[in-house]
1. Report, in debye and to the nearest 20, how large the dipole of region A:84-329 comes out about its Cα centre when Lys and Arg carry +1 and Asp and Glu carry -1 on their Cβ.
2. Could you state the number of Å between the C-alpha centres of region A:267-333 and region A:142-208?
3. Pop a pseudo-label 7 angstrom from the Cα along the beta-carbon direction at both residue B:113 and residue A:172 and give the gap in nm to one decimal.
4. Order by neighbour count: B:469, A:267, fewest other Cβ atoms within 10 Å first, most last.
5. Starting with the fewest neighbours, write out A:197, B:454 ranked by other beta-carbon atoms found within 10 Å of each beta-carbon.
6. If R0 is 22 Å, what FRET efficiency do you get for residue B:396 and residue B:15 from their C-beta distance, rounded to 0.05?
7. Principal axis extents for region B:5-239, Cα atoms only, whole Å, descending order, please.
8. Any idea what the relative contact order of region B:330-474 is, in percent, if you count C-alpha pairs under 8 Å spaced at least 6 apart?
Amino acid sequence: MADIDIPPSRKAASPFSSNTPLLAWSRRLLKSMLPPLVAVLVALFAGAVLLAVTGFNPLDIFTVMVSGVFQNVRSIAEMLLKATPLILIGVGLCVSFRCSIWNIGAEGQFYAGACAATFCGVNFAGLPPALHICLVLVAGTAAGALWAAIAGVLKVAFNASEIVTTIMLNYIAIFMTSYLVTGPLMEQGAAYPQSAKFAHAIWLPRIIPSTRLHIGILIAVALAVVAYVFLFRSSAGYAVRIVGINSHAARYAGISVSRSIVLAIAISGALAGLAGAVQIEGVTYRLYQDISPGYGFEAIAVALLANNNPIGAILSGILFATLDSGSELMQINAQVPQVLVFVIQGMVILSVVGFAALKFQSARPSE
Amino acid sequence: MAGQTLLRIENVHKRFGAVIASAGASIEVREGEIYALLGENGAGKSVLMSILCGVLTADEGRIVCRGVELQPGSPEEAVRRGIGMVHQHFMLVPNLTVAENYVLGQGSPLRVLSHMKAVSARIRELSDKYGLDVRPDALVRNLSVGEQQRVEILKVLYHGIDLLILDEPTAVLTPQETDRLLELLRDLVADGKTVIFISHKLDEVMRVSDRVSVMRDGKVVFTTDTSATNPRELARMMVGRDVLMELPREAARQGEIVLSVRDLACNNELGLPAVRGVSFDVRRNEIVGIAGVSGNGQSELALAMSGLAPATAGSIRLNGEELCGLSPAAINRRSFAHVPEDRHKMGIVLPLPLTENVILQRYNRPPFSARGLLRSRAVEDHTRDLVQRFKVKARDIDVPIQTLSGGNQQKLVVARELARHPDFLLINQLTRGIDIGAMEFVMQEVLKQREAGKAILLISTELEELFAICDRILVIYEGRIIGEMPPDRSRLDEIGLLMAGKEPSARSAGSEPVRVH
């Protein structure tokens with residue numbers, strides 16, 4: 001939800017402000033964070049009205065939600081556990097969206113990564129654990145990148161809309177997962193369609209005692225920083241952004257538009273695939289059908305709310321994870337139907353998009 | 001044959017942000033005539049006609065048709081008054097038949113579909129009447145461009161229109177199809193219709209129209225009976241501009257050849273030939289101009305030279321090295337710089353700051369990039385340097401370039417290209433859309449480059465700009481160089497005639513204008 005170092009929306013970023021005084025920097029940070037914050041507040045207000053109309057006391061509900069999520073270390077850890085895949089995928093989508101490539105297939109790339117990770121996790125038992133963990137993560141990352149690159153190649157070779165192809169690739173990946181866990185990867189003698197469980201030695205290390213929170217969240221935050229540097233401080237990231245804003249200018253500049261498109265969507269697929277691998281190694285320890293409750297789709301909203309800024313995606317990932325965790329608490333402790341929370345999440349996205357459109361209007365040149 | 005006044009457009013103003021598309025244009029169209037509206041691209045012809053059709057709303061001014069003032073901004077009203085437009089880009093659904101296209105939006109599907117037989121019969125009747133050869137059951141996607149245009153014209157007639165507006169109708173047609181179209185327009189007028197014919201092609205206007213108005217910079221600058229004028233006068237009215245300034249410069253010193261183009265040919269976006277065998281040389285210390293009415297292959301020539309569009313034939317040699325077949329990136333790395341025609345579309349990235357715009361071609365090369373990362377200090381220093389040297393007015397170097405005026409944007413583009421120290425500089429439209437001060441400044445800078453030994457090709461539709469700084473001027477017409485002229489203002493008429501595709505005859509070389517008709 002933040003937009004660190006970046007003026008809002010289409011104004012895009014200036015990485016060349018190293019000598020700007022701290023004051024100006026923080027003022028700009030505040031300015032860039034304001035629109036998404038207002039968008040969230042507007043959505044929460046609309047949600048409050050909705051709750052009131054349906055006979056709940058919005059203040060009570062929100063109190064239950066926030067105090068529940070931030071009640072103790074364990075509840076916060078659970079929330080961050082939910083935020084981990086959202087941040088990982090959201091950060092990747094920032095890269096793709098900055099290139100104006102609308103990758104709707106993160107869900108399928110997550111599944112592709114989970115499948116490859118599972119294959120490597122249940123095999124190669126002889127490897128040293130540290131190496132084995134890395135192998136699993138790399139396999140997931142590579143599978144996600146390849147899965148996304150299919151759509152990228154179709155886009156540059158045949159001008160096939162990536163929106164359509166990534167959605168279709170979602171189905172293939174999800175059904176392929178079903179096949180794998182009922183067939184080749186199915187646990188011997190299991191009653192349910194699921195893979196064998198990973199050996200304890202290759203579980204991702206936990207970082208807070210007596211909670212399930214694992215180092216995945218640290219990986220996600222680190223990669224957000226890496227993605228930020230890539231987008232705004234590297235030559236390749238510059239090319240990706242130019243292609244995303246003005247492909248004519250990109251061609252004029254000698255930038256290979258095709259290469260940038262495939263690179264951008266492959267990066268987003270890589271992070272989604274990594275999220276799949278991390279989820280298996282850190283949370284479920286095995287593959288089964290419906291392993292994702294829709295992280296790949298929710299992460300689209302995460303990236304949008306962050307204005308496609310990877311650093312901002314950390315904050316917006318946490319916000320959406322809070323809403324997710326809170327929705328369960330609302331249902332359990334306040335008997336609010338979970339669908340209401342989905343409606344509130346939808347309103348957050350709507351108001352974010354609405355504010356983006358507003359900013360675009362006001363950012364028009366006035367000569 | 002011209003009758004009473006059918007339509008008057010009075011003092012219409014229209015602005016799009018900072019762009020003035022129409023600055024008090026007024027025209028009068030008489031019943032039963034072919035009225036031509038002539039002007040260069042961007043002169044405001046299409047905008048004026050869109051206002052007439054109710055597609056756009058004027059900021060000021062009014063339109064009176066048969067004594068009744070038109071309700072502005074209402075296409076329905078325009079159609080009710082019998083005004084209809086045949087657009088440059090056809091408004092047809094390719095997957096429907098001709099007849100189905102005609103009934104689109106004409107009431108409920110149920111009612112319309114039950115009448116399809118009658119619709120088809122009516123189309124056949126009209127088609128036979130004007131010899132249009134339109135089959136109502138043909139799928140639009142199977143029709144050629146010329147056929148689709150006839151379908152569009154018949155569609156307008158089908159809807160009972162008697163004032164037809166045709167926007168650049170011959171742009172997409174072969175010469176034979178053009179002849180047929182012009183004949184059709186005559187037939188329509190004979191049948192009592194009235195036609196407004198928008199074009200920038202002089203010979204067509206001379207051939208078909210009864211009266212003609214010339215538009216320039218959003219104003220109607222000249223109106224006359226076609227029989228009382230000639231192509232030369234019209235050309236002059238189209239391109240004529242106030243004399244700029246006299247820029248002092250040294251006499252040409254002929255250096256060695258830097259860029260050599262031979263028999264270059266390439267296609268436009270539609271795959272039709274746009275440049276048809278162009279040859280010229282540009283030497284050190286020389287500025288060669290290419291003059292022409294826009295749309296005669298200039299854009300495609302520039303794109304082919306910079307590797308952005310493939311050449312279909314010929315060669316381009318820079319310092320003896322062949323450029324044809326190289327990628328834009330490879331050409332960028334040669335001693336070749338390019339100020340593109342359309343700043344906003346190609347030359348700059350509007351929402352990005354100045355800093356990120358000045359490294360456009362060099363984002364991955366030293367000194368702006370090291371080990372894959374951008375070196376912000378080097379980029380900032382370079383930007384500050386360019387901003388100071390070219391007196392670019394900007395609040396800061398990290399503001400989006402879209403906050404700068406057009407003149408300051410262009411200064412930065414020219415500065416960026418010159419800073420790459422090219423041997424050869426390709427400039428397509430140096431001063432388009434910028435203020436006089438910036439205009440003079442960038443022209444001075446280009447002249448300085450000439451003194452410094454660069455070879456420069458300046459493509460321009462502004463003759464004054466060419467006269468001011470070029471050593472010689474080539475005239476391009478329909479993709480061919482059809483003449484070379486010295487930058488001599490007293491021979492404006494000859495250049496104007498060449499730009500219209502007419503070889504000046506031997507006797508017209510004198511100062512007395514000679515009537516062609």
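Derivation of every value follows stated rules applied to the coordinates shown; laboratory data play no part. Here the structure is a predicted model, which is why all the values come from computation and not from measurement. We place every Cβ from the backbone using ideal geometry, glycine too, and count neighbours over all the protein chains shown.
1. 620 debye
2. So the separation of the two Cα centres works out to 16 Å.
3. Result for the modelled spin labels: 3.7 nm.
4. With the fewest neighbours first, B:469, A:267 line up as B:469, A:267.
5. The most exposed by this proxy come first: A:197, B:454.
6. 0.20
7. 51, 37, 32
8. Result for region B:330-474 is 27 percent.
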